[in-house]
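Chemist: The structure that follows is given in the form of structure tokens.
The values are calculated or read from the model by the stated rules, or taken from the named source; none is laboratory data. Owing to the predicted nature of the structure, the values given are computational and were not obtained by experimental measurement. All Cβ positions, even for glycine, are placed from backbone atoms using ideal geometry, and neighbour counts span all protein chains on display.
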């Protein structure tokens, strides 16, 4: 499985979207792989899968309206999760697809999607496996925004952002940070 080649199947090399996606995904993959390797000494973690999934977790952004990163689709940005799931399912990568589907924020429950009227399928989109959780955690520390894409977000900035979605989200992050911590 070659994640970069798969990305380049959908994103022309050198295009703004390709550059934004690859730059972000490489950083997320680096952090996620580092966390996975640390955990693998005590827990069973599929390190190779974590790296692949981290590289592919945002593959669905091309379907979204995010011109600042070169994406000119018609869907709201949050839809990149389920669109990535659809793309990777079609590629025969169901496990990788679940990472796409479940990585937004720290995950979304069906009840939360309905209550917040999010433009997403009405299903749980919560990271379940350790690998899904690691990629989701690592993703919280990096932006695709040209202004922020090269810097690791400080833990307190991640915490403040998540606190805006409720204390239960913050509690999940804090538990992950205690386990996966930088």
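To keep it simple, each residue is scored yes or no on (1) part of a loop (DSSP other than H, G, I, E, B); (2) loosely packed, with under 14 Cβ neighbours inside 10 Å.
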residue: 121; (1), (2): yes, no
residue: 138; (1), (2): no, no
residue: 151; (1), (2): yes, yes
residue: 157; (1), (2): no, yes
residue: 161; (1), (2): no, no
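Chemist: Related question: Among the residues of segment 1-19, write down those that are crowded, with 19+ Cβ neighbours inside 10 Å and either at pLDDT below 95 or in contact with a strand residue (DSSP E or B) (Cβ under 6 Å, 6 or more places away or on another chain) (or both).
Modeler: 17
Chemist: Give segment 52-72 a look and list any residue that's in a helix (DSSP H, G or I) and surrounded by 19 or more Cβ atoms within 10 Å (Cβ to Cβ), or say none.
Modeler: Within segment 52-72, 52, 53, 54, 55, 56, 59, 60, 61, 62, 63, 69 meet the criteria.
Chemist: Being under 18 Å from residue 58 (Cα atoms) and either at pLDDT 95 or above or touching a strand residue (DSSP E or B) at 6+ places or on another chain (Cβ under 9 Å) (or both) is true for just one of 126, 152. Which residue is that?
Modeler: Matching residue, one of 126, 152: 126.
Chemist: Inspect segment 96-103 for any residue being part of a loop (DSSP other than H, G, I, E, B), farther than 30 Å from residue 40 by Cβ and either under 16 Å from the mean Cα position of the chain (by Cα) or at pLDDT 95 or above (or both) and give the result as yes or no.
Modeler: No, there is no match, as no residue in segment 96-103 is part of a loop (DSSP other than H, G, I, E, B), farther than 30 Å from residue 40 by Cβ and either under 16 Å from the mean Cα position of the chain (by Cα) or at pLDDT 95 or above (or both).
Chemist: Given the conditions (1) at pLDDT below 95; (2) more than 23 Å from residue 4 (Cα to Cα), report the number of the one that residue 109 does not fulfil.
Modeler: Result: residue 109 fails condition (1) only.
Chemist: Identify, please: which residue in segment 73-91 is out of contact with any strand residue (DSSP E or B) (no Cβ under 8 Å at 6 or more places or on another chain) and surrounded by 20 or more Cβ atoms within 10 Å (Cβ to Cβ) and is, among those, nearest to residue 21 (Cα to Cα)?
Modeler: 84
Chemist: Considering only residues that are over 12 Å from the mean Cα position of the chain (by Cα), more than 19 Å from residue 151 (Cα to Cα) and in a helix (DSSP H, G or I), which ones fall in segment 22-50?
Modeler: Selection gives 36, 37, 38, 39, 40, 47, 48, 49.
Chemist: If I filter segment 73-95 down to residues being assigned to a helix (DSSP H, G or I) and without any contact (Cβ under 8 Å) to a residue 12 or more places away in the chain, which single residue comes out as farthest from the chain's Cα centre (by Cα)?
Modeler: Of everything passing the filter in segment 73-95, 90 is farthest from the chain's Cα centre (by Cα).
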